[in-house]
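The values are calculated or read from the model by the stated rules, or taken from the named source; none is laboratory data. Because the structure is a prediction, the values reported are computed rather than measured. Cβ: placed from backbone, ideal geometry, glycine included. Neighbour counts: every protein chain shown. Calculation scope for accessible area: heavy atoms of the full protein, side chains included, ligands and nucleic acids excluded. Shrake-Rupley method; radii C 1.70, N 1.55, O 1.52, S 1.80 Å.
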Amino acid sequence: MELAWYALLGLFFATYLVLGGYDYGVGLLLARRGPAPGPRATLTALGPFFLGNEVWLVAAVGILFGAFPRLEGELLSGFYPAVLAALTGVVLVTAGVQLRSRPASEAARAGWGRVVVVGSVLAALGWGAVLGGLLQGVPLGADGHVVGVGHLATPFVAAAALALLALVAVHGATFLTLRLPAADAPALARLASGLVPAALTAVASATVLGVLSDRVRAAVARPAVAVLLPLALVAALLMARAALRRGRGGVAFAATAAALALPAPLVGAALWPRILVSTTDPAASLTVAEAAASRPTLALLGWLALPLVPALLGFQAMCWWVFRGRIDGRAPVYW
C-alpha cells in the first residue's frame with residue numbers, strides 16, 4: 001500500500017511539473033525583449049490554465065501531509081530554503097498574472113510582469129533544488145532528523161536547479177507555439193528550438209557533477225535508473241527540437257512535457273526503497289515504508305482519493321478541450 005501511495009505522490013508531482021512548468025516557462029519569457037507577441041498576448045494564452053494547473057500541487061501536498069507525514073516534516077525542515085523559494089514563486093506568479101491587468105499605468109503593468117518573471121525563476125529553481133537534494137542525500141542526525149540546510153549548497157544541487165529552469169523555459173516557449181496566433185508560431189518555434197542547446201548543456205552539467213559527486217553515487221540505489229534520467233531528458237529535448245523545426249508543435253510539446261514528467265518518478269525509483277538517504281550513516285536512511293502513515297490511515301485516505309483522481313483528470317481534460325485552440329480561434333498543428 002505504501003508503494004501505491006508513493007507512486008501516486010510521484011504522479012501528482014510530475015503532473016504538476018508538466019502543467020505548472022509551462023506556466024513558469026511562459027512567465028520567464030516575459031523578460032524577453034523583442035517583437036510581438038507582447039506580454040498581454042502571452043498571458044492571455046496562459047490565462048485559462050494556470051490556476052487549474054496549481055491544483056495538482058495542492059493535491060500532491062495533501063498526499064504528502066496525509067500519507068507521508070514524516071517525510072513532509074523532514075522536507076519542510078531540511079529543505080526549507082528550496083521549498084520556501086518554490087512556494088514563494090508560486091504565489092508571486094499567481095498574484096502577478098492576475099494583478100498585471102488591473103493597473104491603469106503601463107509602468108505598473110510592467111512591474112507586475114517583473115513579479116511574474118521573478119516568481120517563475122524562484123519556482124523552477126526551488127523545485128529543481130528539492131529534486132537534486134533528494135537525489136544527493138541528506139545528513140541525518142542520531143534522532144533521524146535532517147541536520148541543517150547546508151546540504152543544499154552544493155554544485156550538484158545548483159546544477160539540478162538550473163537544469164529544471166532550462167527545461168521549464170523550453171516547455172513554456174513550446175506551449176506558446178500552440179496557443180498564440182499562427183503568424184507568431186514560426187518565431188516562437190525558433191525561440192524554443194534555440195533554448196534547447198542551453199537545456200542540453202544544463203542537463204549535461206548536472207549529470208557530470210552527479211557522476212563526480214560521492215554523495216550522489218552513494219545515495220543512488222539503482223544506478224541504471226539514475227543513468228536513464230539524463231539519457232531520457234536528452235532524447236526528449238532532441239525530439240522536441242526536431243519537431244519544432246518541422247512545425248509540429250504538438251509533438252514538440254509532448255516531448256518537453258515528457259522531459260518535465262520524468263525527473264520526479266525516476267528520482268524516486270533511483271532511491272527506492274529509501275526516500276531520504278543519509279550521507280552520514282546509510283543505516284539511518286529513511287525508507288518509504290518508515291515515512292508512510294499507518295495502514296488504516298492509508299486505507300481511509302484511499303477512499304477519499306477515489307473520487308479525487310477522476311475529478312482532477314476530468315477537470316484538466318475539460319479545460320484543455322475547451323481552450324484547445326489558439327487565442328485567435330484557429331486550430332494549432334499538433335502532428
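Structure notes:
- Solvent-accessible area per residue in the chain equals 43 Å², computed with a 1.4 angstrom probe and all protein chains kept.
- Spacing of the two label points (7 Å from each Cα toward its C-beta) at ARG245 and LEU212, in nm: 3.0
- Cα pair distances of the range 104-165 binned at 10 Å [whole percent]: 22, 34, 22, 14, 7, 1
- Amide N of the range 80-99 lying under 20 Å from the label point, which is placed 7 angstrom from the Cα of ALA110 along Cα→Cβ: 96-99
- Residues in the range 288-304 carry Karplus couplings, in order, of 4, 5, 6, 7, 6, 6, 5, 4, x, 5, 5, 5, 5, 5, x, 5, 6 Hz; the curve used is 6.51 cos²θ - 1.76 cosθ + 1.60 with θ = phi - 60°, and Gly or Pro positions show x.
- Two-site FRET efficiency, TRP303 against GLN98, from Cβ-Cβ distance with R₀ of 35 Å, rounded to 0.05: 0.50
- Dipole of the chain computed with +1 at Lys/Arg Cβ and -1 at Asp/Glu Cβ about the Cα centre; of ALA110, PRO155, ALA95, farthest Cα towards the positive end is ALA110.
- Option label - Cα extents along the principal axes in Å computed here, alternatives (1) 59, 44, 40; (2) 56, 55, 32; (3) 86, 38, 33: (1)
- ASP328 contributes an accessible area of around 70 Å² to the protein surface, as traced by a 1.4 Å probe with all chains present.
- For the range 1-136, alpha-carbon Rg relative to the globular expectation (2.2 N^0.38 Å, N residues): 1.15
- Structure-based [θ]222 nm, the chain - -39500 (n - 2.57) summed over DSSP H runs of at least 4, per residue, nearest 500: -25000 deg cm²/dmol
- Surface share of carbon and sulfur [accessible, 1.4 angstrom probe, percent] for the range 140-262: 71
- Principal-axis analysis of the Cα atoms of the chain puts helix 55-67 at an angle of about 10° to the longest axis.
- Taking amide H as placed 1.01 Å from N in the peptide plane, the amide H of ILE275 sits under 5 Å from that of LEU286, THR287, VAL288, each at least 5 places away or on another chain.
- Cα gyration tensor shape for the range 83-238, rounded if a/c is under 1.5, else prolate or oblate: oblate
- Scanning residues 5 or more positions from THR280 or on other chains, those with amide H under 5 Å from its amide H are LEU140, with H placed 1.01 Å from N in the peptide plane.
- Hydrodynamic radius (Kirkwood) for the range 65-140, which is based on Cα pairs only, to one decimal in Å: 13.7
- Label-to-label distance, nm, for residues given as SER294 and ALA142 (7 Å Cα→Cβ offset): 3.0
- Acute angle (nearest 10 degrees) that the helix 155-179 long axis makes with the longest principal axis of the chain, alpha-carbon atoms: 30
- Kirkwood analysis of the range 178-335, using all unique Cα-Cα pairs, places the hydrodynamic radius at 18.9 Å.
- The range 206-274: proportion of alpha-carbon pairs further apart than 20 angstrom, %: 37
- FRET E, pair VAL149, THR287, Förster distance 22 Å, beta-carbon r, rounded to 0.05: 0.45
- Fully extended contour minus Cα-Cα distance, from MET1 to ALA232, at 0.36 nm per residue: 80.3 nm
- Using a cutoff of 8 angstrom between alpha carbon atoms and counting only pairs six or more residues apart, the relative contact order for the range 23-119 works out to 38 percent.
- Fully extended contour minus Cα-Cα distance, from THR280 to TYR80, at 0.36 nm per residue: 70.0 nm
- Cα→Cβ-extended label distance, 7 Å offset, between LEU51 and ARG324, nm: 2.4
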